[in-house]
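Written out below as structure tokens is the structure these notes cover.
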Amino acid sequence: MYEFDHVGLTTTVKQPNEDWVEQSRVWVTNPRNHPERIEFLRYEEGSTVPDFVKRNPHVAFRVEALAPHLQQPGVEIIIPPFVVGDFLEVAFVKKYGALFEYMHYLKEGWFGKP
């Protein structure tokens, strides 16, 4: 089972209330604060995020477990699972030629369930 969470869009324009993610050298906004659930991502020089992620919008879904979504036929893992803070495990994959983010909440947090 999975549930829509947000759409991620790359931007070069500073956004209100951005948060800095040192690990990937990117500024991000909280999609809960946007009426259309958009997360803006603004990458800094030296970001290690793959170009495919930087150049493409993504659709994010909350899932109960990441593994079933990573092991499907036709799925190419772009960013393997990693933990954000201590509350969220995510992975980015290419499927149907598009970018998807799967999010597994470990507990309530910054992006925690409303």
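Please treat every number below as a calculation from the coordinates, not as lab data. In this text, all values refer to a predicted model and were calculated from it rather than measured experimentally. Cβ sites come from the backbone with ideal geometry, for glycine too, and all protein chains shown count toward neighbours.
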* Within segment 45-70, how many residues turn out to be closer than 16 Å to VAL83 by Cα and free of Cβ contacts under 8 Å to residues at least 12 places away in the same chain? -> 1
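Conditions tested, residue by residue: (1) touching a His at 6+ places or on another chain (Cβ under 6 Å); (2) within 15 Å of TYR102 (Cα to Cα).
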| residue | (1), (2) |
| --- | --- |
| PHE4 | no, yes |
| LEU9 | no, no |
| VAL13 | no, no |
| VAL21 | no, no |
| TRP27 | no, no |
| ARG32 | no, no |
| PRO35 | no, no |
| GLU39 | yes, yes |
| PRO81 | no, yes |
* Structure fact -> Note on VAL83: of the conditions (1) under 28 Å from LYS14 (Cβ atoms); (2) in contact (Cβ under 8 Å) with a residue 40 or more places away in the chain; (3) part of a strand (DSSP E or B); (4) of a type outside the set (Ser, Thr, Tyr), unmet is (2)
* To do: Please specify each residue of segment 12-39 satisfying the condition of being surrounded by 14 or more Cβ atoms within 10 Å (Cβ to Cβ) and either of a type outside the set (D, E, K, R) or part of a strand (DSSP E or B) (or both).
  => GLN15, VAL21, SER24, VAL26, TRP27, VAL28, THR29, ASN30, PRO31, HIS34, ILE38, GLU39
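If I ask for residues that are part of a loop (DSSP other than H, G, I, E, B) and either in contact with a strand residue (DSSP E or B) (Cβ under 7 Å, 6 or more places away or on another chain) or not acidic (Asp, Glu) (or both), which ones from segment 86-108 would you list? Spell out how you get there, then give the answer.
Applying the first criterion (part of a loop (DSSP other than H, G, I, E, B)) to segment 86-108 yields 86-87, 96-97, 106-108.
Of everything in segment 86-108, those that are part of a loop (DSSP other than H, G, I, E, B) and either in contact with a strand residue (DSSP E or B) (Cβ under 7 Å, 6 or more places away or on another chain) or not acidic (Asp, Glu) (or both) turn out to be PHE87, TYR96, GLY97, LEU106, LYS107.
Collect the residues in segment 40-60 that are surrounded by 16 or more Cβ atoms within 10 Å (Cβ to Cβ), of a type in the set (Phe, Trp, Tyr) and more than 11 Å from the chain's Cα centre (by Cα), keeping them in residue-number order.
To start, the set of residues in segment 40-60 that are surrounded by 16 or more Cβ atoms within 10 Å (Cβ to Cβ) comprises 40-43, 47, 49, 53, 56, 58, 60.
Still in the list and also of a type in the set (Phe, Trp, Tyr): 40, 43.
If the condition is that a residue be surrounded by 16 or more Cβ atoms within 10 Å (Cβ to Cβ), of a type in the set (Phe, Trp, Tyr) and more than 11 Å from the chain's Cα centre (by Cα), then TYR43 is the only one that fits.
Considering only segment 44-80, how many residues are part of a strand (DSSP E or B) and not basic (Lys, Arg)? Quick ask: steps written out before the conclusion?
Taking segment 44-80 first, the residues part of a strand (DSSP E or B) are 58-63, 76-80.
Filter again for not basic (Lys, Arg), leaving 58-61, 63, 76-80.
Qualifying residue count for the region: 10.
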* Would you confirm whether any residue within segment 64-81 is surrounded by 17 or more Cβ atoms within 10 Å (Cβ to Cβ) and closer than 20 Å to GLU22 by Cβ? => yes
